[in-house]
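Worksheet: one structure, shown below.
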Amino acid sequence: MITDNALDFSDALADGGVLLALDLGTKTIGIATCDAGWRFATAGKTLPRGKFGRDKEALSAIVRDRQVAGVVIGLPRNMDGSEGPRAQASRAYARNLSEALDLPILLWDERWSTTSAERALIDQDMSRAKRKDRIDSHAAAVILQGAIDRLAGAAF
């Protein structure tokens, strides 16, 4: 199941569980996870983006190791809410990943995730070089935190 509706995703995960978030870049994939109670998103590692088969193996290992129940993928909408080629590419990636992992997938609006992550890293006085290495995983954490805040506490 792939949806951009938080209620449908929540229904598919009636028992909660660890969620995995992905910030899909052209060269890297930022990864974040949250606890099973959907309280805190934590930035993970950044994977170099390669052919889908290699990505699938790396993500499958994380899903197995962390016992992931669902996946949240950042959907890069334009500022006016429309979807361009990057959003279409994210939807295609979600379809491929859904077939490979057989987990529910939530597509989450990521319009401000990288900006928010960069501000947080700057506030931590992180050097530009370190920010470059960590920005994608922190953006994935911003995406995931927004989704779990919605899933865990907001009225639908």
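The values are calculated or read from the model by the stated rules, or taken from the named source; none is laboratory data. Quick caveat, the model's predicted, so the values are computed rather than measured. So basically every Cβ, Gly included, is an ideal-geometry build from the backbone, and we count neighbours across all protein chains shown. Side chains are part of the model used for accessible areas, which takes the heavy atoms of the whole protein and leaves out ligands, DNA and RNA. Shrake-Rupley method; radii C 1.70, N 1.55, O 1.52, S 1.80 Å.
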Within region 29-45, restricting to residues that are open to solvent by 10 Å² or more (accessible area, probe 1.4 Å) and under 13 Å from Leu59 (Cβ atoms), the one that is nearest to the chain's Cα centre (by Cα) is Thr33
Of the residues that make up region 111-133, is at least one within 18 Å of Ser10 (Cβ to Cβ), at pLDDT below 90 and open to solvent by 60 Å² or more (accessible area, probe 1.4 Å)?
no
Need the failing condition index for Arg95 against (1) touching a residue at least 60 places away in the same chain (Cβ under 8 Å); (2) surrounded by 14 or more Cβ atoms within 10 Å (Cβ to Cβ); (3) over 13 Å from the mean Cα position of the chain (by Cα), just the number.
(2)
Given the condition farther than 18 Å from Ala141 by Cβ and surrounded by fewer than 16 Cβ atoms within 10 Å (Cβ to Cβ), answer yes or no: does some residue in region 19-27 qualify?
yes
Please verify whether region 51-62 includes one or more residues that are at pLDDT below 90 and crowded, with 16+ Cβ neighbours inside 10 Å.
no
